[in-house]
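Heads up: the structure comes next, in structure tokens.
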Amino acid sequence: MNIGVVGTGYVGLVTGACFAEFGVNVTAVDKDEVKIGALQKGKVPFYEPGLEEMVGRNMKEGRLTFTADMKTAVENSLVLLIAVGTPSGDGGAADLSYVREVALGVARHMNGYKVVVTKSTVPMGTGAMIRRLIEERQARPIPFSVVSNPEFLREGSAIEDFMRPNRIVIGAEDPQAVAIVRDLYNPLYLIETPIVVTNVVSAEMIKYASNAFLATKVSFINEIANLCEAVGADVHEVARGMGLDNRIGRKFLHPGPGFGGSCFPKDTRAILNMAKEAGVPARVIEAVVEANDRQAGRMVEKIARAVGGLKGRKLGVLGIAFKPNTSDVRESPAVRVIQEVVRAGGRVRAYDPAAMDEARRALPGVEFADDAYDAAAGCDALVIATEWNQFRNLDWERMKAVLRAPVVVDLRNVYEPAPMKALGIAYVGVGR
Ligand code: NAD
């Protein structure tokens, strides 16, 4: 089968490379010609484990090609997967301008039956909007199908998530489109991945409801962690004791500086916007977003208490990406914490294993270091903001020697309080 993937960001590039790996012929198209130029040379413009190798292999074997020309992609493909960004727009609503551009491009170049699939996270009703747009703009009536196939991969483990998903959701209005998209995922069907077939609007809703629910777990455990601090409980013990109940589950019960990244913040805002437009109260999600908005500030207060006020203090910060194994700093809680520290008169010396270029753009005025020890050099405290594996086994004698004071604020609870205290470190975690 020949398919086109429109947008070569985190989702589009992983999707394109993985389908090529399944033996599908993939034309990946992006309007960013610089990006396409780099990809044509086999360079992946962001960090995602294993992706560059997979892209290179499939390019060499001729199943994955890159172009900036939408016409080529549309004409050569039976299925077009839309994987462009849907960032926050006015009032938190998803900005659908990129999706609209793609729909118009498909309408313009359509040369036969196509299945137009949204992989991007799009508001309920977007499938219907795409159908209307294409019908209005086609030069002559050519049949096509619209499908919602939301993506659930996580940056940092995107290939594994794509190759072993918990489920595949196919929202469609006609059996032919379902059969074609099912066929595309046949290798996953063979490993018994559940496939949820539903209508387009329910599929669109599944994605937002899933992300809002996961965000709820994060804000919930963060509130419990705050309460643990007040009453002297240990949130790790509490989360373990809760999570062993199958009805609750252990995942997403890690307290920290709040959720960030390119999905949860924008998707919770977008679903709130949709609820408002529909006139339906969504108090739980409202509270989840509010609690998250306050969480970075709480972390900054924690840091300020540990060093006796931020004015004139210098902090070494480890981790800037919104989570480990990615270079993505979009809405990263680490970035928010650093910005608030700087606003309060503190200075920051930061290090991230993969996100230094992105961090330099996001954080002008911050000093950057070459490694974890260099970040700590001459600082009044060390702050662990993102739990990269390489921060899990730091040499604390060396760290104490370079820090001005042995103060560690661990926003990810990477370390255990008692052994840290035994090392002579003034250690502060979250919720314990
Ligand atoms: P991204 O910003 O990394 O990439 C989007 C790409 O689309 C960019 O390269 C951009 O140049 C390109 N683009 C924009 N308009 C275009 C057009 N008209 N024609 C061709 N290319 C165009 O975005 P992303 O993180 O991959 O997210 C894409 C979508 O997937 C979003 O809706 C997001 O919510 C959803 N999603 C993301 C993740 C994630 O972890 N990043 C996970 C699941 C779902």
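The values are calculated or read from the model by the stated rules, or taken from the named source; none is laboratory data. Predicted model only: the values in this text are computed from it and were never measured. Neighbour counts are summed over all protein chains in view; Cβ atoms, including those assigned to glycine, are modelled from backbone coordinates with ideal geometry. Accessible surface areas use protein heavy atoms only, side chains included; no ligands, DNA or RNA. Shrake-Rupley method; radii C 1.70, N 1.55, O 1.52, S 1.80 Å.
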Problem set entry | Subset of the range 1-16 that is in a helix (DSSP H, G or I) and of a type in the set (Val, Ile, Thr) - its residue that is nearest to the ligand (Cβ to nearest atom) | Val11
For this session: Residue by residue through the range 406-432, note down the ones that are open to solvent by less than 30 Å² (accessible area, probe 1.4 Å), more than 22 Å from Leu253 (Cα to Cα) and not in a strand (DSSP E or B).
Result: Met420, Ile425
Seminar exercise, completed: Taking the range 17-73 and keeping only residues that are of a type in the set (Ser, Thr, Tyr), open to solvent by less than 60 Å² (accessible area, probe 1.4 Å) and in a strand (DSSP E or B), one is left with Thr27, Thr67
Seminar exercise, completed: Listed by first then second residue, the pairs whose first member lies in the range 380-397 and is open to solvent by 50 Å² or more (accessible area, probe 1.4 Å), whose partner is assigned to a loop (DSSP other than H, G, I, E, B) and of a type in the set (A, V, I, L, M, F, W, C), with beta carbons under 6 Å and at least 6 positions apart or on separate chains, are Arg392/Val414
Seminar exercise, completed: Phe162 vs (1) part of a strand (DSSP E or B); (2) within 19 Å of Leu188 (Cβ to Cβ): all pass except (1)
Exercise. Pairs, please: C-beta under 8 Å, at least 6 apart or cross-chain, first residue free of Cβ contacts under 8 Å to residues at least 40 places away in the same chain and farther than 16 Å from Leu104 by Cβ and in the range 131-159, second outside any loop (DSSP other than H, G, I, E, B) and more than 12 Å from the ligand (Cβ to nearest atom)?
Worked result: Pro141/Glu135; Ser145/Lys114; Ser145/Val115; Ser145/Val116; Ser145/Ala172; Ser145/Gln176; Ser145/Ala177; Ser145/Ile180
Exercise. Quick one: would you say Arg182 is among the basic types (Lys, Arg), open to solvent by 60 Å² or more (accessible area, probe 1.4 Å) and away from the ligand (no atom under 15 Å from the Cβ)?
Worked result: yes
For this session: Name the residue, out of Arg131, Arg154, that is under 26 Å from the mean Cα position of the chain (by Cα) and of a type in the set (Lys, Arg).
Result: Arg154
Problem set entry | Residue in the range 104-124 that is in a helix (DSSP H, G or I), surrounded by fewer than 21 Cβ atoms within 10 Å (Cβ to Cβ), away from the ligand (no atom under 16 Å from the Cβ) and touching a residue at least 12 places away in the same chain (Cβ under 8 Å) present | no
Problem set entry | The one condition in (1) away from the ligand (no atom under 13 Å from the Cβ); (2) part of a helix (DSSP H, G or I); (3) open to solvent by 10 Å² or more (accessible area, probe 1.4 Å) that Ile142 fails to fulfil | (2)
Seminar exercise, completed: Over the range 327-356, the set of residues over 15 Å from Glu48 (Cβ atoms), within 16 Å of the ligand (Cβ to nearest atom) and open to solvent by 30 Å² or more (accessible area, probe 1.4 Å) is Glu331
For this session: Quickly run through the range 74-88 and pick out the residues that are assigned to a loop (DSSP other than H, G, I, E, B) and touching a Leu at 6+ places or on another chain (Cβ under 9 Å).
Result: Ala83, Thr86
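Here are some residues: Glu135, Glu155, Glu151. Which one is within 15 Å of the ligand (Cβ to nearest atom), out of contact with any Asp or Glu (no Cβ under 8 Å at 6 or more places or on another chain) and not hydrophobic (A, V, I, L, M, F, W, C)?
Glu151
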Exercise. Is there a residue being charged (D, E, K, R), under 24 Å from Val14 (Cα atoms), in contact (Cβ under 8 Å) with a residue 40 or more places away in the chain and surrounded by fewer than 24 Cβ atoms within 10 Å (Cβ to Cβ) anywhere in the range 314-326?
Worked result: yes
For this session: Name the residue, out of Asn25, Asn58, that is more than 23 Å from Glu155 (Cα to Cα) and not small (Gly, Ala, Ser).
Result: Asn25
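Yes/no matrix, rows are residues, columns are (1) in contact (Cβ under 8 Å) with a residue 60 or more places away in the chain; (2) closer than 15 Å to Ser219 by Cα; (3) in contact with a strand residue (DSSP E or B) (Cβ under 8 Å, 6 or more places away or on another chain); (4) charged (D, E, K, R):
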position	(1), (2), (3), (4)
Gly241	no, no, no, no
Arg247	no, no, no, yes
Gly260	yes, yes, no, no
Thr268	no, yes, no, no
Ala275	no, no, no, no
Gly279	no, no, no, no
Val284	yes, yes, no, no
Exercise. Would you pick out the residues in the range 217-250 that are more than 18 Å from Asn292 (Cβ to Cβ) and of a type in the set (Asp, Glu)?
Worked result: Asp234, Glu237, Asp245
Problem set entry | Gly91 within 28 Å of Ala359 (Cα to Cα) and either away from the ligand (no atom under 13 Å from the Cβ) or part of a loop (DSSP other than H, G, I, E, B) (or both) | yes
Problem set entry | helices (runs of 4 or more DSSP H) completely within the range 189-305 that count 3 or more residues being buried (at least 22 other Cβ atoms within 10 Å of the Cβ) | 200-231, 264-278
